[in-house]
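**Student:** Just passing along the structure, written as structure tokens.
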Amino acid sequence: MNLKRLVRGPILWIVLAVVLLWVGASTLATPSVQRIDTSDGLALLADGKVTQAKVTEGDQRVDLTLSKDFVKDEDNYGTSVQFYYVVPQGPDVIAAIAKADPKDGYTSEVPQTSWWTSLLGLVLPFVIILGVFWFLMSNMQGGGSRVMSFGKSRAKLVSKESPQVTFADVAGVDEALEELQEIKEFLSEPAKFQAVGAKIPKGVLLYGPPGTGKTLLARAVAGEAGVPFYSISGSDFVEMFVGVGASRVRDLFQQAKENSPAIIFVDEIDAVGRHRGAGLGGGHDEREQTLNQMLVEMDGFDVKTNVILIAATNRPDILDPALLRPGRFDRQVAVDPPDLKGRERILRVHAQGKPMAPGVDLTTVARRTPGFTGADLANVLNEAALLTARQNGSIIDDHALDEAIDRVVAGPQKRTRVMNPKEVKITAYHEGGHALVAAALRYTDPVTKVTILPRGRALGYTMVMPTEDKYSTTRNELLDQLAYAMGGRVAEELVFHDPTTGASNDIEKATGTARRMVTQFGMSTRLGAIHLGQQSSEMFLGRDVGHQRDYSEDVAASIDLEVRALVERAHTEAWEILVEYRDVLDALVLELLEKETLNQEQLATIFAPITKRPPREVWLSNDDRGVSDRPPVLTPAERAAAEGPKDGPTDGPVDAPAASNGTPASVGPVGGALVEQASHVSDTPAEPAGPTSQEATDGDGSH
């Protein structure tokens, strides 16, 4: 048990009090005397060896003082002895004492209970009850020093002696670092900004997907700022007692103001900052009171009080609007998954202290992991280190990194799973169908890996990996995703004439992509560029309850027809490809059955006879609105590249060419568009980017 906690707790003091009472009672008690038999006592009285006698009423005890030591059976009882008698013997004992007539006389005593003993008997039960209550409350509040301190803040003050994380330990989030670097300068040199009339931001909200480094950024600010840094979780404000959270908010900000300049970091602020009045019950009194107090504290700072609140959340959409307005969270910084250069820098940061083989190229690893967050990349390197140690290796090589990426994307390999030859061949044709269709389509990403080795829940998987980071998806790319999602099902129908359950996840993903194309992306000529269906603003009702249908039954039937038409066209397109290149499919299956896993170079050799499908006809959202024959404008750099090299350097900015679909490069995936940024396995063609969307199977044994 923690010694400090034991000293501060009530148990030690209760034990000391009991010991002191026992010592006091022992000190005040009459000195002990030797006890003898009743017959021996009466004999001593009859023999005249007693000099003094005292009879105690109630105890039926007689204390004798002898003229010399009483010895019996070689046991010396001394000169002070006592014996007891029963009530019927009382007259005989009194008569014996009177007949002996002791030299110093005899007396009778009726014992009286002392006042302090009576008081002790009255008070001691209450002391024990209070001690037990104190102990229970101490355990509930995390220590004896926190008893009855419900309203005290639980924020941890980061000390200067703790291991420091600096901005040098953070990579891949350059924009967020710039914002926080300015916060550091605000705290260190406030006069510089006040001289030009700038006000110190009162709050900075870091939001983004899990694993992108929001908490790491806050720790880096603590290491760089050199000011008191209070760290607390949003859930620490919420208690079962109404008003406790608001009291803790007041105490936290009071501590920060007393030690300003200071930084307060609230992790997972959505635990306390959710929209007020949301949900079926109309809200939560304790949480809403806590939020109200936080709003008051954030808007009540003195202009010259250098206290900045930094908060992190994965769900900015559920935060209360009053919390997000300027004047509270003046800055809202998005922390997104890193791009190629950011991933490379993150890998280099996490590779420090890990022995890498000379041939390992972290740039190649970064290219193979689009959509990965910083936490995913750290997990890849850690998995590679664990695999190396498991194999008694001393350096991390490309094989360990390759296996680590596969483990993060699709799960560990099932080496003990035994499949019969027929199922293995079905899996080979299924994955071969995915890979072949993807290779023949014009707008898909390159196929980089095909395997029939079970991994995670999948019996096999196909990876397609983009050559660069992409942030939007064209209609043709979505149609290609539908077609290659159906490739596995078509191969089973074409070869075995009996499809399996392995395509259930493919069909689910393809249907979801097609439905989003119709209802969210406006890629249907029949329905037009209309967003159909809305999500309820009550974000706490649940995923299913929160959806609302704002269209008629006729429109719903049209949606179903359009979705089915898209999937059917994709099904037909995949069938045409597999029929045309059936020989290539058979050759691919033979290689898979022999080698079990094929990489990009081996696949390129097998797919050499394949010719890309011709471009699709230009899609018109309306026949009356034709497209322009005029191409996109060329930048000076593009114009110079088209004209060929010239003597001397060319002038003008080097701009990237415009996207073929006219989407600016800064526009992200609209409404969760199906951007295949990561190493997609064959059964998740329609999932957003990221390694967490790589499920290749479902519970019924899909491929």
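The values are calculated or read from the model by the stated rules, or taken from the named source; none is laboratory data. These numbers were taken from a predicted model, which means no experiment stands behind them. Here the Cβ positions follow ideal geometry from the backbone for every residue, glycine too, while neighbour counts run over all protein chains shown. Keep in mind that these areas ignore ligands, DNA and RNA; they rest on the heavy atoms of the full protein, side chains included. Shrake-Rupley method; radii C 1.70, N 1.55, O 1.52, S 1.80 Å.
**Student:** Each residue of segment 216-223 in turn: what ³J(HN,Hα) in whole Hz from Karplus with 6.51, -1.76, 1.60 and θ = phi - 60°, glycine and Pro shown as x?
**Tutor:** Result, ordered by residue: 4, 4, 5, 5, 5, 4, 4, x Hz.
**Student:** Right, something else. Lysine pairs in segment 34-137 with Cα distance under 15 Å, only those 8 or more apart or on different chains: how many are there? Could you put the intermediate results ahead of the total?
**Tutor:** On the way: Lys49/Lys68; Lys49/Lys72; Lys49/Lys99; Lys49/Lys103; Lys54/Lys99; Lys54/Lys103; Lys68/Lys103.
Going through segment 34-137 pair by pair, I get 7.
**Student:** What figure in square angstrom, to the nearest 10, would you give for the accessible area of Ser108 with a 1.4 Å probe?
**Tutor:** 90
**Student:** Could you give each residue of segment 401-407 its phi-based ³J(HN,Hα) in whole Hz, using Karplus coefficients 6.51, -1.76, 1.60 with θ = phi - 60°, and x for Gly or Pro?
**Tutor:** 5, 4, 5, 5, 4, 4, 5
**Student:** Under 14 Å from the Cα of Lys449, which aspartates and glutamates turn up, not counting those fewer than eight places away in the same chain?
**Tutor:** By straight Cα distance, Lys449 reaches Asp402, Glu403, Asp406, Glu431, Glu591, Glu596, Glu601, Asp683.
**Student:** I would also like to ask the following. Take the solvent-accessible surface of the protein heavy atoms, probe 1.4 Å, and return the percent of it on segment 437-577 that carbon and sulfur atoms account for. Walk me through the numbers on the way to the answer.
**Tutor:** On the way: 3060 of 6280 Å².
Its accessible area is 49 percent carbon and sulfur atoms.
**Student:** Also, I was wondering about something else. Count the net charge of all other residues whose Cβ sits under 15 Å from the Cβ of Ser558, scoring Lys and Arg as +1 and Asp and Glu as -1.
**Tutor:** On the way: positive: Arg515, Arg526, Arg549, Arg564; negative: Asp550, Glu553, Asp554, Asp560, Glu562.
Here the count lands on -1.
**Student:** What is the distance in Å between the Cα centres of segment 38-115 and segment 175-236?
**Tutor:** Here the two parts' Cα centres lie 88 Å apart.
**Student:** Would you pull out the residues with amide H under 5 Å of Thr462's amide H, same chain only if 5 or more places away, H placed 1.01 Å from N?
**Tutor:** Excluding prolines and chain starts, which carry no amide H, the hits are Ser682, Asp683.
**Student:** Sticking with this structure for a sec: How many percent of the alpha carbon pairs in segment 340-410 exceed a separation of 20 Å?
**Tutor:** 17
**Student:** Taking H placed 1.01 Å from N in the peptide plane, check which residues at least 5 places from Gly522 or on another chain put their amide H under 5 Å from its amide H.
**Tutor:** Ile530
**Student:** Give Lys354/Lys595; Lys470/Lys612; Lys202/Lys257 a once-over and call out the pairs whose C-alpha atoms are over 24 Å from each other. Intermediate values should be presented prior to the final figure.
**Tutor:** Working: Lys354/Lys595 31 Å; Lys470/Lys612 21 Å; Lys202/Lys257 13 Å.
From the list (Lys354/Lys595; Lys470/Lys612; Lys202/Lys257), the Cα-Cα distance tops 24 Å for Lys354/Lys595.
**Student:** A further question on this structure: Write down, largest first, the equivalent ellipsoid semi-axes of segment 34-137 in whole Å, where each equals the square root of 5 times an eigenvalue of the alpha-carbon gyration tensor. Spell out each step's value before the answer.
**Tutor:** On the way: eigenvalues 317, 55, 28 Å².
Taking √(5λ) for each Cα gyration eigenvalue gives 40, 17, 12 Å.
**Student:** If the cut-off is 16 Å between C-alpha atoms, which aspartates and glutamates fall inside it for Lys214, apart from same-chain ones fewer than 8 positions away?
**Tutor:** Partners within reach: Asp169, Asp174, Glu175, Glu178, Glu179, Glu224, Asp267, Glu268, Asp270, Asp336, Asp376.
**Student:** Give a residue-ordered list of calculated ³J(HN,Hα) values for segment 593-605 (Karplus: 6.51 cos²θ - 1.76 cosθ + 1.60, θ = phi - 60°; whole Hz; x for Gly, Pro).
**Tutor:** 5, 7, 9, 6, 9, 10, 8, 5, 5, 5, 5, 4, 5
**Student:** Here is a further query. What's the local net charge at Pro326, with K and R +1, D and E -1, over the other residues with C-beta under 14 Å away? Each step should come with its number before you reach the end.
**Tutor:** Working: positive: Lys199, Lys202, Arg325, Arg328, Arg331; negative: Asp299, Asp330.
Taking every Cβ under 14 Å from that of Pro326, the sum is +3.
**Student:** What is the set of long-range amide H partners of Ala262 at a cut-off below 5 Å, with H atoms built 1.01 Å from backbone N?
**Tutor:** Val307, Ile308
**Student:** Considering only DSSP states other than H, G, I, E and B, which trypsin sites (Lys or Arg not before Pro) in segment 343-388 qualify as loop sites with at most 12 other Cβ atoms within 10 Å? Working shown, then result.
**Tutor:** On the way: sites: Arg343, Arg345, Arg348, Arg367, Arg368; in loops: Arg368.
Passing sites in segment 343-388 do not exist.
**Student:** Is the shape of segment 304-451 best called rounded, prolate or oblate, per the rule: a/c under 1.5 gives rounded, else a/b larger than b/c gives prolate, else oblate, with a ≥ b ≥ c the square roots of the Cα gyration tensor eigenvalues?
**Tutor:** Working: a/c = 2.47, a/b = 1.64, b/c = 1.50.
Judged from the Cα gyration tensor, segment 304-451 comes out prolate (a/c at least 1.5, a/b above b/c).
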